[in-house]
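Right, one structure below, let's go through it.
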Amino acid sequence: LQALPLYAIVEVHGNPLLRPYRSYASRMSYIISGKFIFTLYTTRMPGYSVQLPYQATDRPALIYQSTNFDYKRTMGISFSAPIRPFPNVNTRLTLNASTDRVRHSHFHDLTFDRRRMLLYARLDNTIHLGRSLTLELNASTITPSMQGIADINGLWRIDTGLKWTVARGAADLRLQADDVFATWSPRLRTDYATQQLRMYVVPDTRALTLTFIYRLRGYKPAKAPTLDTSRFGTSE
């Protein structure tokens, strides 16, 4: 087994040849009974750019540099639907399946053309514990993905929140906990040609938020100004 070097030198390089990339997207949705939503979509980004790590071949250095790919392409289908498992529970299910393809003909001294199938699922639950108390419990997961020549592990997370409505609906007190188990931190792994890299991110994605909202009764927002569209040849 060949020992992997530990890099003491990390360099961030600029790229004077970096250029903006274009993005072309199309989407078609079909709604059944006003609540079941099917969506087909595709995105193509010629010259797509992202910062990637690269292990130098002439010295022990890890180089970060943004480069333009030949293109990145995504094609997928998504489905969203409300579910009512119990009288006091409102649930929404979201599923998404897509394929990603990235191609780079000159990534330093490498060429790559990679494809990956990606699956994503999310379940949002609103549980009514009483007339003024609501519990939210949400879960989501995504299968392993890629970024250039690097692979990213699968991820999952749990979010929860408790909302208490008081003062006859005029005020809300909300306690929200995001990524309860700190599992939404990716790990990056590269095993491509001469590139052998492991990157572990220290999890720091949990967040606890307390929010208070009070609505002023009788308040009426100012009327938005009317836009004159006569010069466009249209009437109001």
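The values are calculated or read from the model by the stated rules, or taken from the named source; none is laboratory data. Here the structure is a predicted model, which means the values were calculated and not measured. Positions of Cβ are generated from backbone atoms using ideal geometry, with glycine treated the same way; all protein chains shown enter the neighbour counts. SASA here: full protein model, heavy atoms, side chains in, ligands and nucleic acids out. Shrake-Rupley method; radii C 1.70, N 1.55, O 1.52, S 1.80 Å.
Residues that are of a type outside the set (A, V, I, L, M) and in a strand (DSSP E or B) within region 180-192 comprise Arg187, Arg189, Thr190, Asp191, Tyr192, listed in sequence order. Looking at region 24-42, can you tell me whether even one residue there is small (Gly, Ala, Ser), within 21 Å of Ile149 (Cα to Cα) and in a strand (DSSP E or B)? No, region 24-42 has no match at all. Number of residues in region 186-205 that are closer than 17 Å to Thr111 by Cα, open to solvent by 50 Å² or more (accessible area, probe 1.4 Å) and not hydroxyl-bearing (Ser, Thr, Tyr): the value is 3.
Scan region 71-91 for residues that are more than 17 Å from Ala121 (Cβ to Cβ) and open to solvent by less than 50 Å² (accessible area, probe 1.4 Å) and the total you get is 4. Please work out if Leu133 is in contact with a Phe, Trp or Tyr (Cβ under 6 Å, 6 or more places away or on another chain) and either over 24 Å from Ser29 (Cα atoms) or among the acidic types (Asp, Glu) (or both). Judged against the criteria, Leu133 is a match.
Any residue at all in region 51-70 that's open to solvent by 30 Å² or more (accessible area, probe 1.4 Å), of a type in the set (S, T, N, Q), under 18 Å from the mean Cα position of the chain (by Cα) and closer than 18 Å to Leu17 by Cα? Yes, region 51-70 contains at least one residue that is open to solvent by 30 Å² or more (accessible area, probe 1.4 Å), of a type in the set (S, T, N, Q), under 18 Å from the mean Cα position of the chain (by Cα) and closer than 18 Å to Leu17 by Cα. For region 135-167, a residue qualifies if it is more than 16 Å from the chain's Cα centre (by Cα), in contact (Cβ under 8 Å) with a residue 60 or more places away in the chain and open to solvent by 60 Å² or more (accessible area, probe 1.4 Å), but none of them does. Filtered by the rule that a residue be among the charged types (D, E, K, R), part of a strand (DSSP E or B) and out of contact with any Asp or Glu (no Cβ under 8 Å at 6 or more places or on another chain), region 121-150 gives a lone residue, Arg122.
Could you please let me know if Thr209 is of a type in the set (Ser, Thr, Tyr), farther than 28 Å from Thr143 by Cβ, outside any loop (DSSP other than H, G, I, E, B) and modelled with pLDDT of 90 or more? When the stated conditions are applied, Thr209 passes them.
Pairs meeting the criteria (first residue in region 81-98 and within 18 Å of Thr39 (Cα to Cα) and assigned to a loop (DSSP other than H, G, I, E, B), second residue of a type outside the set (A, V, I, L, M, F, W, C) and modelled with pLDDT under 95, beta carbons under 7 Å, at least 6 apart or on different chains) are lacking. For region 99-115, indicate whether the set of residues that are in contact (Cβ under 8 Å) with a residue 12 or more places away in the chain, crowded, with 16+ Cβ neighbours inside 10 Å, in contact with a Ser or Thr (Cβ under 6 Å, 6 or more places away or on another chain) and of a type outside the set (Asp, Glu) is non-empty. Scanning region 99-115, I find no residue that is in contact (Cβ under 8 Å) with a residue 12 or more places away in the chain, crowded, with 16+ Cβ neighbours inside 10 Å, in contact with a Ser or Thr (Cβ under 6 Å, 6 or more places away or on another chain) and of a type outside the set (Asp, Glu), so the answer is no.
Screening Thr57 on (1) in a strand (DSSP E or B); (2) over 30 Å from Asp172 (Cβ atoms) shows it passes everything except condition (1).
Close contacts from region 168-179, counting a first residue that is part of a strand (DSSP E or B) and a second that is of a type in the set (Gly, Ala, Ser), with Cβ to Cβ under 8 Å and a gap of 6+ residues or different chains, come to Arg174/Gly161; Leu175/Gly161; Gln176/Gly161; Gln176/Ala207; Ala177/Gly161; Ala177/Ala207; Asp178/Ala207.
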